[in-house]
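What follows is a short report on a single structure.
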Amino acid sequence: MTTASGRAEPSRTSKPAEPGALRLIWQHRVDYAYVLPSIVVMMIVIAYPIYYTIDLSFFKTPPSLQLRDKIFVGMENYGAILQSDVFWRVTWNTVVWTVASTVIAFALGFGAALALHRDFIGRGVLRAILIIPWVISAVAASYIWKWIYHSDFGVIGAVLVELGITSRPPNFIDNVNTVLPALIVVNIWREFPFAMIMLMAGLQTVPDQLLRAAKVDGANAWQRFWHVTFPHLRNVSTVTILLLAVANFNSFIIPWIMTGGGPSNASHIWITHIYELAFGRQRWGVASAYSVLLFLILMTLGYFYVRALGGNESKDRGT
Amino acid sequence: MAHVVLKDLVKTYGSFHAVNHVSLTVNDGEFVALVGPSGCGKTTTLNLVAGLIPVTSGDIMIGDRIVNDLDPKDRDIAMVFQNYALYPQKSVYKNLAFPLQMRKLTKEEIDRKVRDAARVLDMTHLLERKPRELSGGQQQRVALGRALVRDPAVFLMDEPLSNLDAKLRVQMRSEIKRFHQDLNATIIYVTHDQLEAVTMADRMAVMNGGFLQQYDAPAEVFANPVNMFVASFVGSPAMSLVPLEASGSGDTAALTSAEGWTLPLSAENARKVARATSRKIVLGARHSTIRLHKSAEPGAIPAKVYTVEPTGDITFVQAFLSGSIVNISVPASVHVSPDEMIWLEFDQARIHLFDGETEMALKAA
C-alpha cells in the first residue's frame with residue numbers, strides 16, 4: 001500500500017523539484033529498473049512513430065521529391081482534409097461502419113450467449129461452430145465472402161434468382177448503395193462470436209442465489225433478466241462494446257480486401273483511406289494528418305475503456 | 001402465518017437420494033431448525049419447500065394447501081439467503097420494494113410497507129444506501145427486511161449467519177430470535193451449526209444422508225439422542241463414543257475393553273445392554289458427566305491424557321480410552337498434563353449406550 005501510493009505520487013503531482021519525489025524514485029530504483037526495458041521498447045516502437053507522424057503531418061511530400069526534402073506547410077494538410085468532400089464521405093462511412101457493426105454484433109452476441117447459457121443437447125457443438133467466424137483468418141473470410149457476394153457466381157445471387165425473388169443476381173459490392181451494408185454484414189459475422197464469448201463468461205458469474213431470490217420475490221423470467229442478469233453484465237458489456245468499437249474503427253482487412261474502398265469511395269473507412277493516401281499515392285503528409293486526427297479520436301475511446309475497466313459503478317441505472 | 005407439513009418427501013438426482021422420505025410438521029409460529037453436516041439434504045429440503053426445485057415424490061403443505069406444483073411466488077413464502085442475495089445495483093429501499101413491485105402494489109402501499117419494515121429492523125437511516133456500502137450484519141438485516149415486507153406465511157432461512165464473523169453471528173442470532181418472538185413467525189431455518197439450532201429453535205430436525213434422524217426440542221435431542229450420529233453431532237464438544245464389548249449378564253453385566261478393564265453396569269443399563277443385537281456396545285458420555293481423578297479410585301477407569309485445552313473458566317481434557325478420544329471438562333483449578341495417567345468415573349444415570357451394530361440408542365424398556 002505504501003509503496004504503491006509512494007510511487008504514484010511524483011508522476012501525479014508532476015513537481016520534480018520536490019525533495020521527497022527524487023528520494024522516493026531513488027528508494028524505488030529497482031522497481032524502475034524492472035520497467036525500464038519495456039519503457040525503452042515502447043519509446044522506440046510507439047512514442048517515436050507518434051512523434052514522427054505528428055511532425056510529418058505539417059509537411060507536404062510531393063511524390064517527385066524524396067522524403068527528406070519534404071516541404072513545411074504548417075496546418076495546410078489539416079485544412080485540406082477538413083475541406084475535402086472525401087473526408088466527410090469517409091468519416092460518415094466510418095461512423096456507420098463502426099456503430100452498425102458494434103451494435104448489431106453486440107446484440108447478436110448477447111442473444112447467442114443467452115441461448116447457449118441454457119443447458120441443451122448439442123450446446124458444446126453449437127458453441128464451437130459459432131466461434132469459427134472469429135477464429136478463421138480475416139483475409140480468408142474476406143475472399144470467401146467476396147465469392148458469396150459475386151454478381152455472376154455468388155451463392156446469394158443464385159439463391160435469390162432460384163427463389164424467383166429477383167430476375168438477375170444483385171450486385172452487392174459494385175453498387176455504391178449496397179457495398180457498405182454488405183461489408184458490415186461480413187464484419188458482424190466475424191465479430192459477434194467475440195461478444196458472445198465475453199457475455200457467456202459474464203453470464204457464468206451471475207450469482208445463482210440472486211436469481212433464486214428474485215424467483216421467490218415473484219419475478220418472472222423477463223424480470224429476472226432485467227433486474228438481475230442485465231445489471232450484472234453491465235461492466236462486461238461496456239468493455240465488450242468499447243473493444244468492438246475500437247476494433248471496428250481500426251478495421252482494415254475486410255474493406256481493403258473485398259473492395260479496396262470502392263466503388264468511388266463508397267466503402268472507404270478511415271484506415272483504408274489513410275493507407276491508400278500514404279502507400280498508394282505517397283501523400284505522406286496528408287496521411288499523417290489523418291492519422292493524428294484518428295489517434296485523437298481513439299485516445300478518447302481508450303479513455304472511456306480504461307474508465308470502464310476501473311469498474312466505475314456509482315451511476316444508478318434506475319428501475 | 002401458517003403451519004408447514006412435509007409428507008414422505010423425496011428428492012432424487014439420478015440414483016442419488018438427496019432427500020429420503022422426510023416427514024415433519026412445523027406448527028404455526030414455530031421456529032424449526034434443519035441441521036446437519038454438508039450434503040445431509042437440509043438445504044435441498046428448504047429449496048423444495050420454497051419451490052426452487054421440483055419434488056420427486058411426497059407432498060408439501062403450507063397452511064392447508066398442497067403447494068407441490070406452485071411457483072415460489074405463489075407459495076406465500078419469503079427466503080433469506082446465506083450471502084444475503086441483495087440486488088447490488090438497487091438501493092436498500094428498492095431492494096425492500098422489489099418483491100412488492102412484483103406483486104403490483106401501489107406506490108403508496110409499497111412506501112408504507114418498506115418504511116414499516118425499515119422501522120422494525122432499525123435501518124431507516126440506511127434506505128438510500130447501496131448494499132456494498134453496508135456491513136455484513138446490515139446487509140443481512142436488509143435481507144430479513146426484504147422477507148418481512150412480504151408478510152409471508154413462512155420464512156425460509158438458508159444459513160443466514162454463516163457469512164458473518166463470530167461476534168456478529170452471536171448478535172444476529174439474538175436479533176433473529178427476537179424477530180421470531182415479536183412477529184410470532186413460522187420459520188424454517190437451515191444451518192450446519194448445531195449451536196445455532198440449539199440456541200434459537202423451538203424444535204430441531206437433525207438430518208444426515210438425506211434422512212431425518214431426530215425431530216424434537218433441542219433439550220430433548222441433547223438429552224436423548226436416538227442414535228450415534230445425533231449424539232456426536234449435537235453438543236459442543238461432541239459426545240465421546242467408546243466402542244466396547246458387553247460381558248456377563250444380570251448383576252455381573254459389564255462393559256469390557258480390549259485394554260483389560262471392565263466397567264460394571266447398573267441394573268437399568270444392564271437391561272439396555274441385554275437388548276442389543278450383538279455384544280458390541282458403544283459407550284457415550286458428555287464431557288460434563290465424566291469425573292476426572294488423578295489417582296486410582298474404585299469404579300474409575302484408567303486413561304491417558306492426550307491434550308489439555310484451557311478455555312478460561314473450564315478446561316477441556318482429551319484422553320485416550322480404549323483407542324478412542326474422550327472429552328472431559330474440569331474446573332480451571334485442576335491441572336493435568338499430556339501423557340499423564342488419569343482415572344475416569346462415569347455417571348451410570350447419565351451415560352448413553354448404543355448398539356454397536358445398528359448404531360441406535362439402547363432403551364431399557
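The numbers here are math on the coordinates, done by the rules we state, and not lab data. All values reported here derive from a predicted model rather than from experimental measurement. Here Cβ is always computed from backbone atoms with ideal geometry, including for glycine, and neighbour counts include all displayed protein chains.
Could you work out the mean projected area of the convex hull around the alpha carbons of the range B:228-319, in square nanometres to one decimal? Walk me through the intermediate numbers first.
Details: hull surface 28.4 nm².
Quarter of the Cα hull surface area: 7.1 nm².
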Compare A:Gly262, A:Gly122, A:Gly285 in a GNM of chain A, Cα atoms joined below 10 Å, and give the one with the largest fluctuation.
A:Gly122
Quotient of C-alpha Rg and 2.2 N^0.38 Å, computed over the range B:1-152
1.15
Partners for A:Lys60 among lysines (Cα-Cα distance below 28 Å; same-chain residues under 8 apart left out)
A:Lys70
Determine the shielding of peptide A:228-237 by partner chains: average, over its residues, the number of Cβ atoms on other chains within 10 angstrom of each Cβ.
1
Alpha-carbon Debye profile of chain B, log10 I(q)/I(0) at 0.08, 0.10, 0.13, 0.14 Å⁻¹
-0.51, -0.74, -1.02, -1.11
Given the options B:Ala267, B:Ala349, B:Ala153, which has the most mean-square fluctuation in a GNM of chain B, springs set between C-alpha atoms less than 10 angstrom apart?
B:Ala349
When only C-alpha pairs under 8 Å and at least 6 residues apart count, what is the relative contact order of the range B:159-221, in percent?
22 percent
Can you tell me the Rg and the Dmax, both Å, for the Cα atoms in the range A:143-262?
20.7, 59
Relative intensity, log₁₀ I(q)/I(0), of the protein assembly as shown from a Debye sum that treats every alpha carbon as a point, q = 0.05, 0.06 Å⁻¹
-0.46, -0.62
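Please report, to one decimal in angstroms, the Kirkwood hydrodynamic radius of the range B:130-194 built from all distinct Cα-Cα pairs. Walk me through the intermediate numbers first.
On the way: mean 1/r = 0.0806 Å⁻¹.
It works out to 12.4 Å.
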Of B:Lys73/B:Lys94; A:Lys215/B:Lys113; B:Lys73/B:Lys130; B:Lys42/B:Lys272; B:Lys90/B:Lys177, pairs whose Cα-Cα distance is over 22 Å:
B:Lys73/B:Lys130; B:Lys42/B:Lys272; B:Lys90/B:Lys177
Per DSSP H run of at least 4 residues, take -39500 (n - 2.57); add these up for the protein assembly as shown, divide by its residues and hand me the 222 nm value, nearest 500 deg cm²/dmol.
-14000 deg cm²/dmol
For A:Ser264, B:Ser257, order by how many other beta-carbon atoms lie within 10 Å, fewest first
A:Ser264, B:Ser257
What average count of beta carbons from other chains do you get within 10 Å of the Cβ of residues in A:215-226?
6
Give a residue-ordered list of calculated ³J(HN,Hα) values for the range B:211-216 (Karplus: 6.51 cos²θ - 1.76 cosθ + 1.60, θ = phi - 60°; whole Hz; x for Gly, Pro).
9, 7, 8, 8, 9, 6
Using alpha carbon centroids, what distance separates the range A:191-216 and the range B:38-61, in Å?
25 Å
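Can you tally the net charge around B:Asn83? Count Lys and Arg as +1, Asp and Glu as -1, for every other residue whose Cβ sits under 12 Å from the Cβ of B:Asn83.
Numbers: positive: A:Arg212; negative: A:Asp208, B:Asp158, B:Glu159.
So the surrounding residues net to -2.
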Sort B:Tyr87, B:Tyr306, A:Tyr303 by Cβ crowding within 10 Å, fewest neighbours at the top.
A:Tyr303, B:Tyr306, B:Tyr87
Most exposed first, judged by fewest Cβ atoms within 10 angstrom, A:Glu276, B:Glu128 run B:Glu128, A:Glu276
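Excluding B:Arg286 itself, calculate the net charge of residues whose Cβ lies under 10 Å from the Cβ of B:Arg286, where each Lys or Arg counts +1 and each Asp or Glu counts -1. Kindly include the intermediate steps, with their values, before the conclusion.
Values: positive: B:Arg350; negative: B:Asp347.
Taking every other residue near B:Arg286 into account, the sum is 0.
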How many angstrom lie between the Cα centre of the range A:141-166 and the Cα centre of the range B:64-142?
57 Å
With no solvent and one equal point scatterer placed on each C-alpha of the range A:77-309, evaluate the Debye formula and give log10 I(q)/I(0) for q = 0.10 Å⁻¹, two decimals.
-0.59
